[in-house]
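What follows is a single structure, written as structure tokens, with notes after it.
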Amino acid sequence: MTVVQALPSRGDVFFDVRDDGRALRVGWHADEGVVVLSSWRYGSCVSSCQVDRDDVPALIAELARGLAATPPRQAWTDPIYVDFSRDVVTPRSPLRSAWASLRRSITRLVG
């Protein structure tokens, strides 16, 4: 059985976008001349790969090529705010008719 060590002082943790308890740990082991990439799930190491220090520049270059080829994420759009002090939802809101219907229903219930 392999002994799992704590994350070295030089390294980082990257959490999986699926938010399923998964993470990738990167740890430098200068004494061995390797960087260890390990996959974790719910706090347990499920796999690891020791990359020789001489191969790290090629790994970084491949990550950079992939990043450059990936289209940028969609820009942030401002949320739509509803002004509850007025009778009408802002005209840009797609919820305009739903809001009006809800207001009518509440008015009938409350009287």
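Considering every alpha-carbon pair of the range 11-69, the percent of pairs per 10 Å bin, from zero through the bin containing the longest distance, is 22, 44, 31, 3.
Counting neighbouring Cβ atoms within 10 Å and putting the fewest first, the residues Asp20, Asp31 line up as Asp31, Asp20. Here's how it looks for Asp16: its modeled amide H is under 5 Å from those of Arg22, Ala23, Leu24, which are all 5 or more places away or on a different chain. The order of Arg18, Arg41, Arg65, going from fewest to most other C-beta atoms within 10 Å of their C-beta, is Arg18, Arg65, Arg41.
Segment Ser105..Arg10, full-extension length gain: 28.2 nm, with 0.36 nm per residue of separation and the alpha-carbon distance subtracted.
Values in this text are rule-based calculations from the coordinates and carry no lab data. These numbers come from a predicted model, not from an experiment. Cβ coordinates were reconstructed from backbone atoms using ideal geometry, including for glycine residues, and neighbour counts include every protein chain displayed.
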